[in-house]
């Protein structure tokens, strides 16, 4: 279960449980998806004291993976949803449909959706709003491209995406933000820890969602760098891509949580 109730850490700051979310992207068929799920479940108890675990399989596997996860403590999520409740939207899935099969989270605004499908901040906002209405927790993704980073526009881009993508009604209790520098996703490159810390601090301040908001880092987080990234004050977990497809790596990242 997600624990969003902060408690004092002796220094007057809120303690936010880490959330380690696996985004399987367009990977997995029934046999390997279920095998991966069983491996994650087998290691879940060992990391339960450190972090919440979440897996987001492709749409074709959600129902079956959800059934396998029942009672395990590992949460189920989806990789996208439509902004509308229902209608003539071939190939799309409504947030309520995801909730109906056991999802508790949904990723919206991932850079691959923004790039491959031209999604705008306004569309991401509408999807996040739909997720909230369905009782789901949206993981709202933001992040700059390599060109924007190199031209010194990172903070301006992040600030603009936050303003446009976070819907009215979002709070620290019902939403999560994921910072994903586009140029780091799947490339093996990561920003320096001071760069990550700077953006996450900006997100906490500019989101308007307060000190209890969980902010995930995405972009080539793996066992070798998880300890350093998760130790940063405003990094509250990871949105994990490639490393989530290997249970050992995914669980190792969770074990790195301080």
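Going by the structure shown, is residue 176 in contact with a strand residue (DSSP E or B) (Cβ under 9 Å, 6 or more places away or on another chain), farther than 24 Å from residue 54 by Cα and surrounded by 14 or more Cβ atoms within 10 Å (Cβ to Cβ)? Spelling it out, it is not the case that residue 176 is in contact with a strand residue (DSSP E or B) (Cβ under 9 Å, 6 or more places away or on another chain), farther than 24 Å from residue 54 by Cα and surrounded by 14 or more Cβ atoms within 10 Å (Cβ to Cβ).
Among the residues of the stretch 92-118, those that are on the phi < 0 side of the Ramachandran plot, assigned to a loop (DSSP other than H, G, I, E, B) and crowded, with 21+ Cβ neighbours inside 10 Å comprise 103, 110.
Of all residues in the stretch 67-93 being touching a strand residue (DSSP E or B) at 6+ places or on another chain (Cβ under 7 Å) and free of Cβ contacts under 8 Å to residues at least 24 places away in the same chain, which is nearest to residue 29 (Cα to Cα)? Once the filter is applied, the top-ranked residue is 92. Filtering the stretch 132-148 to residues that are in contact with a helix residue (DSSP H, G or I) (Cβ under 6 Å, 6 or more places away or on another chain) and either part of a loop (DSSP other than H, G, I, E, B) or buried (at least 19 other Cβ atoms within 10 Å of the Cβ) (or both) leaves 134, 135, 136, 138, 140, 142, 143, 144, 145. Within the stretch 74-91, is even one residue more than 23 Å from residue 123 (Cβ to Cβ), surrounded by fewer than 18 Cβ atoms within 10 Å (Cβ to Cβ), under 18 Å from the mean Cα position of the chain (by Cα) and at pLDDT 95 or above? Within the stretch 74-91, none of the residues are more than 23 Å from residue 123 (Cβ to Cβ), surrounded by fewer than 18 Cβ atoms within 10 Å (Cβ to Cβ), under 18 Å from the mean Cα position of the chain (by Cα) and at pLDDT 95 or above. Set side by side, the residues 235, 203, 196 differ, and just one is in contact (Cβ under 8 Å) with a residue 40 or more places away in the chain and either buried (at least 16 other Cβ atoms within 10 Å of the Cβ) or more than 22 Å from residue 58 (Cα to Cα) (or both), which is 203. Note on the stretch 43-66: among residues that are free of Cβ contacts under 8 Å to residues at least 40 places away in the same chain and more than 20 Å from the chain's Cα centre (by Cα), the one that is surrounded by the fewest Cβ atoms within 10 Å (Cβ to Cβ) is 45.
Taking residue 188 as the residue in question, decide whether it is more than 13 Å from the chain's Cα centre (by Cα), over 27 Å from residue 48 (Cβ atoms), modelled with pLDDT of 95 or more and not in a helix (DSSP H, G or I). So residue 188 fails the test. Residues that are in a loop (DSSP other than H, G, I, E, B), touching a residue at least 60 places away in the same chain (Cβ under 8 Å) and more than 19 Å from residue 170 (Cβ to Cβ) within the stretch 206-232 comprise just one, 219. Within the stretch 119-131, at least one residue is within 18 Å of residue 165 (Cα to Cα), modelled with pLDDT of 95 or more and not in a helix (DSSP H, G or I).
The values are calculated or read from the model by the stated rules, or taken from the named source; none is laboratory data. What you are looking at is a predicted structure, and each value in this text was computed from that prediction instead of being measured. A quick note on method: Cβ atoms are made from the backbone with ideal geometry, for glycine too, and the neighbour counts reach across all protein chains shown.
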